[in-house]
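To start, the structure itself, in structure tokens.
The values are calculated or read from the model by the stated rules, or taken from the named source; none is laboratory data. Computed from a predicted model, the values in this text were never measured in an experiment. Here Cβ is always computed from backbone atoms with ideal geometry, including for glycine, and neighbour counts include all displayed protein chains. Side chains are part of the model used for accessible areas, which takes the heavy atoms of the whole protein and leaves out ligands, DNA and RNA. Shrake-Rupley method; radii C 1.70, N 1.55, O 1.52, S 1.80 Å.
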Amino acid sequence: GAGVSQSPSNKVTEKGKDVELRCDPISGHTALYWYRQSLGQGLEFLIYFQGNSAPDKSGLPSDRFSAERTGGSVSTLTIQRTQQEDSAVYLCASSLTTSGSMYEQFFGPGTRLTVL
Amino acid sequence: AQTVTQSQPEMSVQEAETVTLSCTYDTSESDYYLFWYKQPPSRQMILVIRQEAYKQQNATENRFSVNFQKAAKSFSLKISDSQLGDAAMYFCAYRSLRGSQGNLIFGKGTKLSVKP
């Protein structure tokens, strides 16, 4: 079946502009995660959606970052007034939330954001 | 808070040889999951192997195996009969089973080169 998809693949923007990044999770996966991967670094957790529960926003670095998940499926990560330090690859992942699945997260190909 | 440490930023192995990538973690929890992910230049994160903390038996997936030492909080990855396609970034990751903490906590990665 189809995996996690993300769009756009690459995004170049000017400092101060707003950007929206999209994630389509695997159908049936109730959990959705956003991570940020800066150059040469590991993945940094941003936000986690689980079903209809309130999202876990504990990883968002500032109030310029927000995300929503509509209808329990597609998610959009929005960065307002982008800064150069926001340049990174933004990865989305989805998973089932059953112990039988071992909570394996399936990742999308990421969006590379460059802020000039 | 849990942390994951990969002390080898880069490793190199000769094709057909064996290489071991190190990972240590810090947690006060007794039950959790551990993962190794591979990230080739395409950016796509691919699950290599996973381990449930309550299982003493080390996980194995074809040429990939782990040495899980729970008391030492160590989770190393062994790649046997290395192939050119194994060249990638490898990330060790931890998942708590506590509460709503569904995200993975990643190490900073080890870049593996395979020499022909």
> If residue A:78 satisfies every condition in (1) more than 14 Å from chain B (Cβ to nearest Cβ); (2) part of a loop (DSSP other than H, G, I, E, B); (3) closer than 29 Å to residue B:4 by Cβ but one, which is the exception?
Replying inline: (2)
>> I'm trying to understand the selection: among the residues of region B:61-112, which are open to solvent by 10 Å² or more (accessible area, probe 1.4 Å), part of a loop (DSSP other than H, G, I, E, B) and more than 14 Å from chain A (Cβ to nearest Cβ)?
In response: B:62, B:63, B:70, B:71, B:72, B:73, B:80, B:81, B:83, B:87
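For (1) in contact with a strand residue (DSSP E or B) (Cβ under 6 Å, 6 or more places away or on another chain); (2) among the acidic types (Asp, Glu), each residue gets a yes or a no:
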residue: B:17; (1), (2): no, yes
residue: B:24; (1), (2): yes, no
residue: B:37; (1), (2): yes, no
residue: B:42; (1), (2): no, no
residue: B:49; (1), (2): yes, no
residue: B:60; (1), (2): no, no
residue: B:67; (1), (2): yes, no
residue: B:79; (1), (2): yes, no
residue: B:86; (1), (2): yes, yes
> Is there a residue being open to solvent by less than 30 Å² (accessible area, probe 1.4 Å), out of contact with any helix residue (DSSP H, G or I) (no Cβ under 6 Å at 6 or more places or on another chain), at pLDDT below 95 and in a loop (DSSP other than H, G, I, E, B) anywhere in region A:60-72?
Replying inline: no
>> Checking the structure you have, find out if any residue of region B:38-54 is in a loop (DSSP other than H, G, I, E, B), within 11 Å of another protein chain (Cβ to nearest Cβ), at positive phi and not small (Gly, Ala, Ser).
In response: yes
> Among all residue pairs at least 6 apart or on different chains, which show Cβ distances below 9 Å where the first residue, located in region A:93-108, is of a type in the set (Asp, Glu) and in a loop (DSSP other than H, G, I, E, B) and the second is at pLDDT 90 or above and surrounded by 12 or more Cβ atoms within 10 Å (Cβ to Cβ)?
Replying inline: A:104/A:95; A:104/B:33; A:104/B:35; A:104/B:47; A:104/B:50
>> Restricting to region A:32-59, name every residue that is open to solvent by 40 Å² or more (accessible area, probe 1.4 Å), assigned to a loop (DSSP other than H, G, I, E, B) and under 17 Å from residue B:1 (Cβ atoms).
In response: A:57, A:58
> Going through region A:58-116 one residue at a time, which ones are at negative phi and charged (D, E, K, R)?
Replying inline: A:63, A:64, A:68, A:69, A:85, A:86, A:104, A:112
> Does residue B:14 satisfy being among the polar types (S, T, N, Q), within 14 Å of chain A (Cβ to nearest Cβ) and either open to solvent by less than 50 Å² (accessible area, probe 1.4 Å) or farther than 30 Å from residue A:10 by Cα (or both)?
Replying inline: no
